[in-house]
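What follows is a short report on a single structure.
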Amino acid sequence: MNRCTRLALLAFALVAPLSGAACAGAGADVLPEAMSGWARDELEPTYTPLPAASETLTPPPTATATVPYQTPTPDPFQAAGVPIRLRIPAIGVDASIERSGRDKEGKVDVPRISRNVAWFNESALPGQAGKTSVISGHLDDPYGPAVFYKLRMLVPGDEVEVTYENGDRFIFVVEAKERYAFDRAPVQKVFGATARRMLNLITCDGAWNAGQANYGQRLVVYTRLKEGQVVR
C-alpha cells in the first residue's frame, strides 16, 4: 500500500464700547442754574473704579491616582509549549506529534514517520481561539495501516486528548467528519479563522489512484475543545 500525499468656545465681550454718542442729546450743553458759575471742566464726572476682584480661582489638584500595572495573563497554550502527544482511545491511537510546515510545492507537509502525527505549525495551537488547529496523519504506508487508518471510525462524542510539553492535557470532542475530493477540500473551513477552539484531524481516504499515486479523497474529522475545561 502507498503513503498519502501532502495534503491569508466661544468667548463674548460683555462690556459695551464706550462712545461720546452715548452722552449726546438735546440740551446736553445747558447747565443747571445752580451750576452756572462753574467751569464745564469742573463738572466732568469722576468715576470711582470698582475694587479689583479679590477672589481667585484655585486650580483643581493634580490627579495623583494611578492604575496599578497588571501583568497580562499568558495564553495557556503558548505557556504550555507545543503539543507533543495525541491520544484517541476510541481507535487506539497514541502517537507522538511532529511539527510540520509546507513542502517544496507549498503544500501542507505530512509526518516523516507513519506512526506519528504532525501539527501544522501555521495553524493555531490545539485549543487556541482565532484560528483552527490542524493535525494530519498517514492512512497507511508500504507495510500496512498507519496511525490514522481507523480515523473514519470516529463518531460524534468521541474524545481526543492532546498533551503539551509542560504536561498540560486538553480534551477535544468529535463534532463531525466529512470527506472531500483531494483537490476540492474547503481550505477556509479546514484551515481558516474561527471564534471556536477547533482541532481538525486530516488523513487520506477513498480509492487509491495508481496513475496519480494518490488517494482520491481527504477525510477531515472536526473536533472542538471540551466544555468545562479551565482555559487559564
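Amide H contacts of Glu98: Val117, Ala118, Trp119, each under 5 Å away and 5 or more positions distant or on a separate chain (H built 1.01 Å from N in the peptide plane; Pro and chain starts excluded).
Counting neighbouring Cβ atoms within 10 Å and putting the fewest first, the residues Met153, Met198 line up as Met153, Met198.
Computed from backbone phi, the HN-Hα couplings of the range 84-94 come to 10, 8, 10, 10, 10, x, 4, 10, x, 8, 8 Hz, rounded to whole numbers (Karplus: 6.51 cos²θ - 1.76 cosθ + 1.60, θ = phi - 60°; Gly and Pro given as x). What whole number of Å gives the distance from the Cα centroid of the range 167-232 to the Cα centroid of the range 79-115? Value for the Cα centre distance between the two parts: 12 Å.
Taking all pairs of distinct Cα atoms, average 1/r, flip it, and tell me the Kirkwood hydrodynamic radius of the range 76-225 in Å to one decimal place.
Every distinct Cα pair counted, the radius reaches 15.4 Å.
A Förster distance of 30 Å, applied to the separation of the beta-carbon atoms of Ala79 and Glu175, puts the FRET efficiency at 0.70.
Once you have a ≥ b ≥ c as the square roots of the Cα gyration tensor eigenvalues for the range 139-186, tell me rounded if a/c is under 1.5, and otherwise prolate or oblate according to whether a/b is larger than b/c.
Oblate, because a/c is 1.5 or more while a/b does not exceed b/c.
Close amide H partners of Lys177, meaning residues 5 or more places away or on another chain with modelled amide H under 5 Å apart, are Tyr222.
Need the full-extension length gain, Arg152 to Arg112, defined as separation in residues times 0.36 nm minus the C-alpha distance. One decimal, nm. Please report the intermediate quantities before stating the final value.
Details: separation 40, 0.36 × 40 = 14.40 nm, distance 2.16 nm.
Fully extending the segment from Arg152 to Arg112 adds 12.2 nm.
Rule-based calculations on the coordinates, nothing more; no lab input. Computed from a predicted model, the values in this text were never measured in an experiment. When we count neighbours, we look across all protein chains shown, and the Cβ atoms used for this are built from the backbone with ideal geometry, even at glycine.
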